[in-house]
Protein chains: 2
Amino acid sequence: MRVMGVDPGLTRCGLGVVDAASSRAVSLVAFGTATTPETESLDRRLLRVAEVVGEWIDRYAPDAVAVERVFARRDVGTVSGTMQASGVAMVEAARRGVDVALHTPTEVKAAVTGSGTAPKDQVGRMVARLLRLAETPRPPDAADALALAICHAWRPAALSPRGQAATPAQKAWVEASRAAAKRGRRGWAPV
Amino acid sequence: MRVMGVDPGLTRCGLGVVDAASSRAVSLVAFGTATTPETESLDRRLLRVAEVVGEWIDRYAPDAVAVERVFARRDVGTVSGTMQASGVAMVEAARRGVDVALHTPTEVKAAVTGSGTAPKDQVGRMVARLLRLAETPRPPDAADALALAICHAWRPAALSPRGQAATPAQKAWVEASRAAAKRGRRGWAPV
C-alpha cells in the first residue's frame, strides 16, 4: 500500500510518501515540504498548503493520507495555524475520496523507534535506515511526514487481521495509541 | 458591498450574507447553516463545511468573507474542530479570490450593539432590527454569521477613508479591536 504522511504546518508543512509491502519493507517514493511566507495573509497561506497537498495526492495517488494529530497545549498561539493546516490537508484527501488517518507524535515515534519518547533526531535516523537512505531526510518536517506514513503502513490493524501486536515496535505502538486515547478522554484536545 | 459572514463550527457552521450601502443601511440576502453529523469522520465533516461554504460563495458572490476569529482557551477540545472549520472556510474564499477578514466576537458585539460584552440574545435582536426582520434569525449560529457580516461592512476603514470612528458603535468597535490585538500579543491565540 502507498501512504502519504502530512506533518501539518503553516510555515513548513512536511510531506512524505512511502510504499509498504506486507513484509514490513518500506520504500521511499517522495518527500518534501509545502512552505508559505509569514508575510502572506492566513487565508492565502492555508490555500497554498491545500494546493500543494492536493497536487501531491494527485501525483502520487496514495491509498491513505496520515496526518499528525495536533494537540493544543500551552503554546496555543502557534498551534492554531498548525490545526488549521491539518484540517485543510484532511479536506484535500477527503475531496479525492482518499482515506484519512490521524496519528499522535507518540504513536509515530513508537512505530519507527520502538519508544514513544524517542528524540526527534533518532526518528529521522530510523526513517533513513528503514528507507535505506544514505542521509536523514531534511528538513525534519519531511522526515516526520515519512515517519507518519511508515507508522500508518505499520499500524497493527494493517498487518494483523485481529489487530494483534506482533513485534516490540508494534506493541509500543499499541500502548502509545491507547495512552493517547485515554488522554483524549481526560480533556486533551485531539484534532 | 456584499459581505458573507461565517461563524465557524463543525456541528453547525453559521452562514449569513448581507448587502451594505454607504449610508450604513444593511439588508438581508440569505442566512443558514452547514451542518455535519457527529457520527461522520472528521475529514468528511470538514469537507462538507468546505463544500457548503464554497457553494454559498459561488451563489451569492460576496465582495468579502468575514470569519469569526477563534480563540483557544481552556476548552481546547471543542475549539480545535472550530479552528479547523475556520481554516477550511478561509481556503474556500481564498481559492475564489475573495477577500477574507477575521473579527473577534468582541468586535462583532460592539459593532452591532455598541457593547463588546453584550449577551448573545441581544446580538440576535439587534441583527433582526438592523435587517428589519420580524424575528431573530435562527439558529443563533446564523444570527452570529449575519452579525459578523454587518460588523465587517461597518468596520471603520470601510466607512471612513482615514479609519476614524464616527459613531459610538464604531468607537466601541475600534476599542474592542485594539484590546483584542493587545491580548493577541500577550499570548492569546488568534487564528
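Brief remarks on what is shown
- The slack between B:R2 and B:A21, meaning 0.36 nm per residue of separation minus the straight C-alpha distance, is 5.9 nm.
- Distances between copies of A:Q122, taken at a point 7 Å out from Cα along the Cα→Cβ vector and listed shortest first: 5.6 nm.
- Peptide B:87-100 - average C-beta neighbours from other chains (10 Å radius): 6
- If you take the Cα centroid of region B:89-143 and the Cα centroid of region B:10-39, the two points sit 8 Å apart.
- Distances in nm from B:T35 to the matching label points in the other copies, shortest first (labels 7 Å along Cα to Cβ): 4.6
- In the assembly of identical copies, A:L133 has its label point, taken 7 Å from Cα in the direction of the beta carbon, separated from the corresponding points by 5.3 nm (ascending, one decimal).
- Peptide B:47-54 shows a mean partner chain C-beta count of 3 within 10 Å per residue C-beta.
- Residue exposure sequence - A:S22, A:S86 - by fewest surrounding Cβ within 10 Å: A:S22, A:S86
- The residue among B:A34, B:L46, B:M83 whose Cα reaches farthest toward the positive pole of the charge dipole of region B:19-162, with charges on the beta-carbon of Lys, Arg, Asp and Glu, is B:M83.
- Label-point separation, A:E135 to B:E40 (7 Å along Cα→Cβ), nm: 4.5 nm
We did not get these values from a lab; they are worked out from the coordinates using the rules stated. Quantities reported herein were computed from a predicted structural model and do not represent experimental measurements. Backbone-built Cβ (ideal geometry, glycine too); neighbour counts: all protein chains shown.
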